[in-house]
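Read through the structure below, which is laid out as structure tokens, and then see the notes.
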Amino acid sequence: MHLYLVQHAEAKREEEDPERPLTEKGRDDIARVSRFVAQHAVPRVVRILHSGKTRARQTAEILADHFRPPGGLQQQDGLAPLDDPRIIARLLAESSEDLALVGHLPHLSKLSGLLLCGNEGRMPVEFTMGGIVALARDASGVWSVRWAIVPDVLPR
């Protein structure tokens, strides 16, 4: 199983817009990263799951434009910033399909710690807004980091 963890792209501050939609920079960042990954890593994402927050949904929509998951997009409980990462870990344990999760910090950091280290308090991955971290689970259930792409390493 392959899992793509995506921190939502840059969003407006709450003072600007309480819904916190993506900024133009955020839209551009996730589009560049998605395009690069779709062209070079060829992810086999079946579904993209995102939190209920506007910035995560918009990030997922742009990601889907490039990944074209056959199962589409789906809002998923358990991906909010302060949600317990064990909720998603249980969902992943029952799944074999390749998924992309679009969420927030600190949740994604805790989830990666739980999957990779068995401890949500350990944070082995440094996430960047609009970046993608690819994990893989082997047949024995062990997770590992495959690669990561962040907007700053790609040309504008």
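Being surrounded by fewer than 20 Cβ atoms within 10 Å (Cβ to Cβ) and either in a loop (DSSP other than H, G, I, E, B) or among the aliphatic types (A, V, I, L, M) (or both) is the filter here; which residues of segment 99-124 pass it?
Residues of segment 99-124 that are surrounded by fewer than 20 Cβ atoms within 10 Å (Cβ to Cβ), as a first pass: 105-106, 113, 116-124.
Result: LEU105, PRO106, LEU116, GLY118, ASN119, GLU120, GLY121, ARG122, MET123, PRO124.
Looking at (1) in contact with a strand residue (DSSP E or B) (Cβ under 7 Å, 6 or more places away or on another chain); (2) touching a residue at least 40 places away in the same chain (Cβ under 8 Å), which is the only condition SER144 fails?
For SER144, the exception is condition (2).
Tell me yes or no: at least one residue of segment 20-28 is assigned to a helix (DSSP H, G or I), surrounded by 17 or more Cβ atoms within 10 Å (Cβ to Cβ) and acidic (Asp, Glu).
Step one: filter segment 20-28 for residues assigned to a helix (DSSP H, G or I), giving 24-28.
Right, trim to surrounded by 17 or more Cβ atoms within 10 Å (Cβ to Cβ) and you get 26-28.
This time we only want the ones that are acidic (Asp, Glu), so: 28.
Yes, some residue in segment 20-28 is assigned to a helix (DSSP H, G or I), surrounded by 17 or more Cβ atoms within 10 Å (Cβ to Cβ) and acidic (Asp, Glu).
Looking at ALA134, is it within 12 Å of LEU5 (Cβ to Cβ), surrounded by 14 or more Cβ atoms within 10 Å (Cβ to Cβ) and under 12 Å from the mean Cα position of the chain (by Cα)? Step through it out loud before you land on a result.
Working: within 12 Å of LEU5 (Cβ to Cβ): yes; surrounded by 14 or more Cβ atoms within 10 Å (Cβ to Cβ): yes; under 12 Å from the mean Cα position of the chain (by Cα): yes.
Against the criterion (within 12 Å of LEU5 (Cβ to Cβ), surrounded by 14 or more Cβ atoms within 10 Å (Cβ to Cβ) and under 12 Å from the mean Cα position of the chain (by Cα)), ALA134 qualifies.
So which residues in segment 137-156 are surrounded by 14 or more Cβ atoms within 10 Å (Cβ to Cβ), of a type outside the set (Lys, Arg) and outside any loop (DSSP other than H, G, I, E, B)?
Correct list: TRP143, VAL145, ALA148, ILE149, PRO151.
For segment 47-62, give me the residue count where each residue is among the hydroxyl-bearing types (Ser, Thr, Tyr) and either in a strand (DSSP E or B) or in contact with a strand residue (DSSP E or B) (Cβ under 7 Å, 6 or more places away or on another chain) (or both). Before the answer, list the steps.
If we filter segment 47-62 for residues that are among the hydroxyl-bearing types (Ser, Thr, Tyr), which is where we start, we get 51, 54, 59.
Restricting the remaining residues to those that are either in a strand (DSSP E or B) or in contact with a strand residue (DSSP E or B) (Cβ under 7 Å, 6 or more places away or on another chain) (or both) gives 51, 59.
The number of residues fulfilling the criteria is 2.
Within segment 63-79, track down each residue that is surrounded by fewer than 16 Cβ atoms within 10 Å (Cβ to Cβ) and either in a helix (DSSP H, G or I) or out of contact with any His (no Cβ under 7 Å at 6 or more places or on another chain) (or both).
So in segment 63-79, the residues surrounded by fewer than 16 Cβ atoms within 10 Å (Cβ to Cβ) come out as 65, 68, 70-72, 74-75, 77.
Once the filter is applied, which keeps residues that are surrounded by fewer than 16 Cβ atoms within 10 Å (Cβ to Cβ) and either in a helix (DSSP H, G or I) or out of contact with any His (no Cβ under 7 Å at 6 or more places or on another chain) (or both), segment 63-79 yields ASP65, ARG68, PRO70, GLY71, GLY72, GLN74, ASP77.
Here, each number is a calculation from the coordinates, and none is a lab measurement. Remember, predicted model here, so these are calculated numbers, not experimental data. Don't worry about glycine lacking a Cβ; one is built from the backbone with ideal geometry, like all the others, and counts go over all protein chains shown.
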